[in-house]
Amino acid sequence: MKHAIIEIEHVTKTFGGVVANRDVSLDVEEGGITGLIGPNGSGKTTLFNSIVGYHPIDSGSIRFQGQEISKFRVQEIARLGLLRTFQQTRIYGAMNCVQNMLISIPHRKAKFLDMFDRQARADTEKGESLLDFVGLYEKRYLMAGDLSFGQQKLLEFAMALMNEPTVLLLDEPTAGINPTLINGLIDRLRRANEEFGITLLVIEHNMRVIMNMAHKIYCLAHGELLASGTAGEIQKNQNVIDAYLGAH
């Protein structure tokens, strides 16, 4: 029987007088793909940032594999295997794709110029294999800054996989991507979930994408949890429909 790998209970986060998240509770099932949707400004990215330690919460609880992590620093949480990607890619444009893969590994940064030791060769082979997995093997020696935005997102995804995360949080992975690349990205996200066993928590505005991919979906509005359920249940939920259509 599967269980929750991330447990968020009654989380509230404010910035000055603005409430970004108010009393939010949700679970992320181990081994699954969980979707997080909601109109712009609903608090989705703030919740992501709180989970990985960028924004310490004001109250509530965030547990990862049963351990309270709400007071942990970003690096401590990352070492536990909880990583995230961003809406705007964070790659090294002046380095080629293989170099980006290598520098994404914490132990590699200190020894980046030592490319001839055994570990470096193993890391390079692993990096090239993951670039092949996301469809960038033929571009492995191309400067990352010369890739299209969609390809840069695939590279960032591969860089995250390089660190063998237990859970990967993806913030709008299809935003800004050429529609022809979206189906390929969805396929690779599914494969990472199924073949590598990586639990995914995905913020996504493209309803077709999230409805076809997520096993369970949570909807936020005005910083609060509005609804949760399967794709079919969410699509029929009148509160969700009203939130997206701006009904009152």
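The values are calculated or read from the model by the stated rules, or taken from the named source; none is laboratory data. Source: prediction; values computed, not measured. A quick note on method: Cβ atoms are made from the backbone with ideal geometry, for glycine too, and the neighbour counts reach across all protein chains shown.
Taking the criterion of being in a loop (DSSP other than H, G, I, E, B) and modelled with pLDDT of 95 or more, would at least one residue in the stretch 6-28 satisfy it? It would help to see each step written out before you state the result.
As a first pass, look at the stretch 6-28 and keep what is in a loop (DSSP other than H, G, I, E, B): 16-17.
Still in the list and also modelled with pLDDT of 95 or more: none.
Within the stretch 6-28, none of the residues are in a loop (DSSP other than H, G, I, E, B) and modelled with pLDDT of 95 or more.
Of all the helices (runs of 4 or more DSSP H) wholly in the stretch 68-156, which have at least 2 residues that are loosely packed, with under 15 Cβ neighbours inside 10 Å and at pLDDT below 90? Give the steps one after another, and end with the answer.
On the way: elements: 74-79, 97-103, 106-109, 118-133.
The helices (runs of 4 or more DSSP H) meeting that bar are 106-109, 118-133.
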Any residue at all in the stretch 183-200 that is closer than 29 Å to T12 by Cβ and in contact (Cβ under 8 Å) with a residue 40 or more places away in the chain? yes
Restricting the search to the stretch 174-190, which residues are of a type outside the set (A, V, I, L, M, F, W, C) and at pLDDT below 90? T174, G176, N178, P179, T180, N183, G184
Regarding R190, is this residue under 28 Å from L80 (Cα atoms) and basic (K, R)? yes
Output the number of the condition that G197 fails; it satisfies all remaining conditions of (1) over 15 Å from T89 (Cβ atoms); (2) crowded, with 18+ Cβ neighbours inside 10 Å; (3) modelled with pLDDT of 90 or more. (2)
